[in-house]
Amino acid sequence: MLGLRVDPSEYEVPFFKEMGFVRVRGESCGEYYWTLDPDRFREPQDVPCVDYWFDSIPSRGGLSVSDARRVFIDFFVRRGHTYVPPRPVVARWREDLYLTIASIVVFQPHVTSGLVPPPANPLVISQPSIRLEDIDNVGLTLGRHLTSFEMAAHHAFNYPDKHIYWKDETVRYAYEFFTKELGIPGDLIVFKESWWEGGGNAGPCFEVAVGGLELATLVFMVYKVVDGRYEEIPIKIVDTGYGVERISWFTQKTPTAFHAIYGNLVEKFRDIIGVDRPDELLLKAAFKAAGKLEPKDPASIESFYSRVSSIAGVDVEYARRTLVNEARLYSLLDHTKTLALMLGDGIVPSNAGEGYLARLVARRALRQLRLLGSNARLSDLVDLQISFWGGDFPQLVENRSYILEAVELEESRFKESIERGLRVLEREVRRKGSVSVGDLIKYYDSMGVPPEIVAEVASKMGIRVEVPHNFYSMVAAMHRAPPTIKPGYAGIEVEESVARWASNLGATRKLYYENPYLKEFESTIAGVMGNYVVLDSTAFYPIGGGQVYDVGLLIAGDRVYRVKRVFLVGDVVVHEVEDASGLGEGIKVRGVIDWRRRYKIMRHHTATHVILAAARRVLGPHVWQAGAEKTEEKGRLDITHHKPLTEEEVRRIEELANMVVDERRPVKVYYMDRGEAESKLGFTIYQGGAPLVRTLRIVEIEGWDVEACGGTHLANTGEIGGIKIVNVERIQDGVIRLEYIAGTRVVDRVEELEMKLGSIASIVGAGRGQEVERVKALASSLEGLEVTLKAYRSLWLKALREELARTSPVKGVRILVVESPERDRSFIQEALRRLTEEFADSLVAVVYSVGDQTGVEIACGSSATRIVNVGSLARSIAEKLNGRGGGSESYGSLTVKGRVDVERVKEVLEELL
RNA sequence: GGGCCGGUAGCUCAGCCUGGAAGAGCGCUCGGUUUGCACCCGAGAGGUCCCGGGUUCAAAUCCCGGCCGGUCCA
């Protein structure tokens, strides 16, 4: 904890001296903070050091969430900050995060690393953010924890050569905002010294709290965290975070944050779900007691209830019951908004990836509904949220039908999995009569039935189940596994020595970008290591962006070198040749790429963009690329979608795509500044991921599709020549894979199918065009043969039966040993069973041959089993004949290598009897 | 990306541990009972035991690989 050993001078700003702030150490918390009134404030003013008491602090009144946001933004715009619109809650521009968890995430890592300048400097933003780590505490703490919140922030990025502002100004802004804009008395504002870390950065910070409520965190980002160590970064960043919901709560002074955030929605939800309105006094008491509540500690929760009951003068049980239900109501308010935001930004619920996070929220909400015994539909609640927040987040209204459909689907899936789980539970409980903690984990972990539902069902069956309070952390502990990171560069594993060598060479000039139709080129070797060759310039495309590398030839003088693989190390294109002997730095070479192969790849690549845009038009804007691969053989595109595609949808996508082919739309490639591209073109350009570069390469199919893409493309969609979708499958929950071929590959495909059809035709002996009729005829003749076979089998069986009837018993057993033309073991078995059932005193053996082996099946009837054990008989016969065998007392079988005569079997059998 | 659970009749599942004849309930068909329906009684049809390989005299069962579904975690 370096944070605790920060030099105290880090926190001394001129403003504090000027105003008369004093640095104090908290009496019980032990933390340092700055205050104007050290006699009054013996602790920093945030929970759990003190209780909530901001309800008695005068301030500007009644700001809704929208008001609070507007007031904040206006204040900073008036003070020279540029407003930047918020980003989606799904962090598509980042590879290391699923969700936007703070405003600074918007600028990490491209701006914070210095690669790209910020869109404005200084700037102000209000960023909707989602954090799920405290999801289990939401509701219980009356608003201290939320899964979604807006982080209002002003940021200043200080470059070595361009200083904007730093600690002193930031603290002044905070003080001025809280006193002048919100009307809070300055002597009540307390700045606590602290340390902040997140998203790979760190630095000292102030937590600004008033009356128990932390309203803002002012972070001064000066470090980058590398392997647990702090490295100073060149850009010093002011990273503030003001809680919009908390400002709203503070000014409205409602008993919970939810009343402030959701206004009349609280009572609407209460009515629909059916939660009794609690006593006003009880809620006020809860407000007073909530500050000390430590939600992870069951004892603390208990003492919270008893404190509330004594403040409000009500029964503890009543307080507990009421507050438990209130917490569920509040978490439903919270979760439905979060869910709407997630789905509104295009997340498709799934069992993996960010889709799982949406499912997690949906399922927790559904669990709360169930615990409340409510029949309310989750989708109705989400619908109310869409209407309530539609003005602030228009994407909710635009995607309303998708959001509601996805929620309904989650609702029915949840019900199904609970029902499925409960069936198993009931069976097992009936059998075992108890439910262990291990069982609870199994029901939850592999069947999705939460422990409280298990307990509820078990108690109906008269079994008490104790749910451990740390249940969910027990489950989490089971899943702890070290992440595996594969070394490699863009899909190819490269030895580190090669990577090091290559990165020391200069950037390769990329001829494949200058002219994607370039087939041959002249260049000079920049370096050779083993069989790896780097050129000054190349038309060979290295693997990347889902497009495979080119192959071809390097020609030096009269020697020809085959290029096997091509990959990128940083800005350097590395060619792996079959045998590089004779090549060396400075040698001039001519490169020839396998153009026919490359052209197919280009067709499949451009086709991929066409298909993705077609799928978005047919299925909806929530469709997002989840992966893609373009090879010579085919194109492959994985898209996010919540349900399987119908044949009709596939057909429409294909039709639309081919329409774009026929329209001969130009494909334009140009470069654009990252910030400009994001604001002009939107985040949908990041279908293939978000490369960490300052300037994006944009591939635009005129009027159809725009994506950031590093691949080689056709100049016109007409060149695709036609697209055929050849395979559609669901590869995972919420992800659908499309495979398709383009251009001349369609001809290959037709040829392939014709060949297949031709060989089928020749096998069945049909002429051209007669295949179907012929196969039909064959099928019906096969059917006839089966009937015939059945008839012959019954004839054979009848013959055996007659023979058996003629056989007289020896020592009480009728013995029959016959040879069989049948090779079907299961039929012989069945026949023997039937015969021995009919003749209880019989023992029948059938000898048959399979390949170069002889098999014997023996069965005996019920009275014969008292005299002979056929299983051990079979084993004994096998021993005598050097074979192997065994069986049960009424049935046995054995096999012997080579031919064995029936008479010989009979001999051995009689001998053994 | 990883862990766990599952795939047997139209449906819900048992059998698998410990290899040796493919099962139950519901549904379906037919018949009986009944004024009629439901109930009840009787009979019957219905199976690629997910696929492939291995072990074995013998695999739904054991082993390996794959496919599909569910679920939890990151």
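Things worth noting here:
- Residues satisfying the stated conditions in the range A:879-889, i.e. surrounded by fewer than 20 Cβ atoms within 10 Å (Cβ to Cβ) and near RNA strand B (Cβ under 6 Å from one of its atoms): A:ARG884, A:GLY886, A:GLY887, A:SER888
- So A:ALA864, is it in contact with a Ser or Thr (Cβ under 8 Å, 6 or more places away or on another chain) and surrounded by 17 or more Cβ atoms within 10 Å (Cβ to Cβ): yes
- None of A:GLU830, A:GLU838 is more than 9 Å from RNA strand B (Cβ to nearest atom) and acidic (Asp, Glu) except A:GLU838.
- Matching residues, the range A:890-905, being away from RNA strand B (no atom under 11 Å from the Cβ) and either assigned to a helix (DSSP H, G or I) or of a type outside the set (Val, Ile, Thr) (or both): A:GLY898, A:ARG899, A:ASP901, A:VAL902, A:GLU903, A:ARG904, A:VAL905
- Residues in the range A:203-218 that are in contact (Cβ under 8 Å) with a residue 40 or more places away in the chain and part of a strand (DSSP E or B): A:PRO204, A:PHE206, A:GLU207, A:ALA209, A:VAL210, A:GLY212, A:LEU213, A:GLU214, A:ALA216, A:LEU218.
- Residue within the range A:616-627 that is in contact with a Gly (Cβ under 6 Å, 6 or more places away or on another chain) and surrounded by fewer than 17 Cβ atoms within 10 Å (Cβ to Cβ) present: no
- From the options A:PRO128, A:PRO86, residue that is touching a residue at least 24 places away in the same chain (Cβ under 8 Å), part of a loop (DSSP other than H, G, I, E, B) and under 31 Å from the mean Cα position of the chain (by Cα): A:PRO86
- Restricting the range A:682-692 to residues that are part of a loop (DSSP other than H, G, I, E, B) and not aliphatic (A, V, I, L, M), the residue that is farthest from the chain's Cα centre (by Cα): A:GLY682
- Extreme residue, farthest from RNA strand B (Cβ to nearest atom), among residues of the range A:625-639 that are more than 14 Å from A:LYS724 (Cα to Cα) and in contact with a helix residue (DSSP H, G or I) (Cβ under 7 Å, 6 or more places away or on another chain): A:GLU632
- Within the range A:861-876, residues that are free of Cβ contacts under 8 Å to residues at least 24 places away in the same chain and over 21 Å from A:GLU838 (Cβ atoms) reach partners that are near RNA strand B (Cβ under 10 Å from one of its atoms) and of a type in the set (Lys, Arg) with beta carbons closer than 9 Å, at six or more positions or on different chains, in the pairs A:ARG875/A:ARG884.
Results for (1) surrounded by fewer than 23 Cβ atoms within 10 Å (Cβ to Cβ); (2) at pLDDT below 95, shown as yes or no for each residue.
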site	(1), (2)
A:VAL563	yes, no
A:ALA580	yes, yes
A:MET602	no, no
A:HIS609	no, no
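- Looking only at the range A:849-860, and only at residues there that are surrounded by fewer than 23 Cβ atoms within 10 Å (Cβ to Cβ) and within 10 Å of RNA strand B (Cβ to nearest atom), the one that is nearest to A:VAL810 (Cα to Cα): A:GLY855
- Wholly within the range A:584-665, strands (runs of 3 or more DSSP E) carrying at least 1 residues that are basic (Lys, Arg) and more than 26 Å from the chain's Cα centre (by Cα): A:588-593
- Filtered residues of the range A:338-356 (kept if touching a helix residue (DSSP H, G or I) at 6+ places or on another chain (Cβ under 6 Å) and more than 23 Å from A:GLY448 (Cα to Cα)): A:GLY344
- Residue list for the range A:231-259, filter: closer than 30 Å to A:GLN108 by Cβ and in a helix (DSSP H, G or I): A:VAL244, A:GLU245, A:ARG246, A:ILE247, A:SER248, A:TRP249, A:PHE250, A:ALA257
- Search result, residues across the range A:727-769 that are surrounded by fewer than 16 Cβ atoms within 10 Å (Cβ to Cβ), within 16 Å of RNA strand B (Cβ to nearest atom) and aliphatic (A, V, I, L, M): A:ILE731
- Qualifying helices (runs of 4 or more DSSP H) (wholly inside the range A:335-453; at least 1 residues being within 19 Å of A:TRP624 (Cβ to Cβ) and more than 10 Å from RNA strand B (Cβ to nearest atom)): A:353-371, A:394-398, A:400-432
- When A:ILE418, A:ILE386 are checked against the criterion of being farther than 16 Å from A:GLU456 by Cβ and out of contact with any Ser or Thr (no Cβ under 6 Å at 6 or more places or on another chain), a single residue qualifies: A:ILE386.
The values are calculated or read from the model by the stated rules, or taken from the named source; none is laboratory data. Quick caveat, the model's predicted, so the values are computed rather than measured. Positions of Cβ are generated from backbone atoms using ideal geometry, with glycine treated the same way; all protein chains shown enter the neighbour counts.
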